[in-house]
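Engineer: First, the structure itself, so that you have it in front of you.
What follows draws every value from the coordinates through simple rules; no lab data is involved. A quick note: this is a predicted structure, and the numbers were derived from the prediction, not measured. Ideal geometry is used to build each Cβ from the backbone, glycine not excepted, and the neighbour counts take in all protein chains shown.
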RNA sequence: GGCGUCGUACCCAAGUGGCUAAGGGAGCAGUCUGCAAAACUGCCAUGCAUCGGUUCGAAUCCGAUCGACGCCUCCA
């Protein structure tokens, strides 16, 4: 098996991937909170995880990919009035929180399917595993890692000496309550809620009984509880966006390791943000770009996938329509070139020749070097332009690389003569005559007529022409 | 205030100590052509934010400066 290197946030270094169990890889990815549509920045994270998963599969691993769906609301802040994102979404749309969750989960599945993101092996909804979450809080409670306040059960981070190791947190330097009203019942600024109580005077749409009182799970417990349920108390890979490093994943490690007494995860991988001119894309700002927005503007979802393929997952990518245009053009040219090669060599290729194998090896090396897809894409371009390779080899390589790229390159079909109506052919022949007679005015008129009827007339060498449906 | 990341051509971007600094887009030129479109071919960074240092050798390591961004509620 080829060596695969991944950048591990824990060590801030590329490390060789060694699975816990030979030939298998367990992977947990933090999924969406289904209170609204995903914006294109959110989708970048799932795209990065898709590349990771495809690279693991390419290397022959049997991948178990688990993703949570956060369908339980988390409070907007510690001191808010009990309204959360889910309930806000529900009241905004006049539906129940359960309906909201169902609707946006479906929208999310559609979005990732359009981007050719392979669906996870397991989708797990937070509300389906409340018992597991309560059990985990109990476990922490029994081991003395918790304390109770008026509004919930908290994790006492001072009892977990390694707290913050993932984020290299300088806890002293954190500004308590910098952007949030701070609960003064918390013993330490980094302590976080494991279980929150429902406000006494209010009936929440989502609340459950627990040994500590009616309420709902804290902000981080679902991921630890569900990842352990599906992948075991110690598993290979956990990923998410970079924003998860200092809080969410830091807290997950604390909870999980305090409860199980084992190392939680071997490799932590984080995807960078997509940013706009004015900075990070966010939903709270109101307007945000969805995949559908791009489609409405005439882009295909795979144009956006190509855009994401152009850079490395650990680098910020700046979104602009100018850059998306560049991606669309590049993708278009790529497909065009493959179509031409396929048209020239319609026969099925059998296996790669020596030179083509070198390209394959280079590609494999690139993607195994911490998912260097930008370099992989360049290798594809080089191969397609290498005249020393046979057409059959080039087609085979494109199909091979597409296992990672996911650009539907294998679906490109050779140009086949389409059925052109007699009427159009007659018009084209008339135009040819006009051209020969150097009556260009008439020739242009005829070409326009053909265009109006939905066909494009292209001139070829020697006065020949080609008709294509528009 | 603390912590973290980044700065490679007009745009996106790979390269993180040693071969002419990948690739894509845009642009320009050419082939073809009455014109157009498409396609193909060629050109496009003696330099990698700036200034110092280490080294036989630096885009790559170190330091300083400037600039951009992220995190310290929730968030991909």
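Engineer: Would you compute, from DSSP H runs of 4+ residues alone, the mean residue ellipticity of chain A at 222 nm, taking -39500 (n - 2.57) per run and dividing by the full residue count, rounded to the nearest 500?
Structural biologist: Counting only the DSSP helices, I get -13000 deg cm²/dmol.
Engineer: Here's another thing I want to ask about it. Treating the angle as unsigned and between 0 and 90°, give the value, to the nearest 10°, between the Cα long axis of helix A:250-260 and the longest Cα principal axis of chain A.
Structural biologist: Helix A:250-260 and the main axis of chain A meet at about 60 degrees.
Engineer: As an exercise, use a Förster radius of 56 Å and the Cβ-Cβ distance of residue A:149 and residue A:362 to find the FRET efficiency, rounded to the nearest 0.05. Can you show the working numbers first?
Structural biologist: Details: r = 57 Å, r/R0 = 1.03.
The computed FRET efficiency comes out at 0.45.
Engineer: Would you mind checking the tilt of helix A:321-344 against the longest principal axis of the Cα atoms of chain A, expressed as 0 to 90 degrees and rounded to 10?
Structural biologist: Roughly 50 degrees, rounded to the nearest 10.
Engineer: On a full-extension model of 0.36 nm per residue, what is the gain between residue A:113 and residue A:292, subtracting their alpha-carbon distance, rounded to one decimal in nm?
Structural biologist: Details: separation 179, 0.36 × 179 = 64.44 nm, distance 1.27 nm.
Extra length available between residue A:113 and residue A:292 comes to 63.2 nm.
Engineer: Still on this model: How long, wide and thick is chain A, going by the Cα atoms along their three principal axes, in whole angstroms, largest first?
Structural biologist: 94, 54, 36
Engineer: Which percent of Cα-Cα pairs in segment A:18-271 sits in each 10 Å bin, short to long?
Structural biologist: Result, from short to long distances: 7, 30, 37, 22, 4, 0 percent.
Engineer: Sticking with this structure for a sec: Roughly speaking, what is the stretch gain from residue A:121 to residue A:460, that is 0.36 nm per residue apart minus the C-alpha to C-alpha distance, in nm to one decimal?
Structural biologist: 116.9 nm
Engineer: Quick one: if you stick a label point 7 Å off each Cα along the C-beta vector at residue A:343 and residue A:453, how many nm between them?
Structural biologist: Spacing of the two 7 Å Cα→Cβ label points: 2.2 nm.
Engineer: Let me ask something additional. Report the gain in length on full extension from residue A:444 to residue A:62: 0.36 nm times residue separation, minus Cα-Cα distance, nm rounded to one decimal.
Structural biologist: Working it through step by step, the gained length comes to 131.5 nm.
Engineer: Per the Kirkwood formula on distinct C-alpha pairs, the Rh of segment A:120-163 is how many angstrom?
Structural biologist: Radius from the Kirkwood sum: 12.2 Å.
Engineer: Over the alpha-carbon set of segment A:422-469, divide Rg by the Kirkwood Rh and report the Rg/Rh ratio to two decimals.
Structural biologist: Expressed as Rg/Rh, it is 0.92.
Engineer: Please report A:281, A:310 as a ranked list, fewest other C-beta atoms within 10 angstrom at the top and most at the bottom.
Structural biologist: On the way: A:281 19, A:310 15.
Starting with the residue having the fewest Cβ neighbours, the order is A:310, A:281.
Engineer: What relative contact order, as a whole-number percentage, does segment A:422-469 give when Cα pairs under 8 Å and 6 or more residues apart are counted?
Structural biologist: 28 percent
Engineer: Note down the nm distance, to one decimal, between modelled labels 7 Å out along Cα→Cβ at residue A:423 and at residue A:403.
Structural biologist: That separation, rounded to one decimal, is 4.9 nm.
Engineer: Kindly express, to the nearest 10 degrees and within the range 0 to 90, the angle between helix A:221-231's C-alpha long axis and the longest C-alpha principal axis of chain A.
Structural biologist: Once rounded, one gets 70 degrees.
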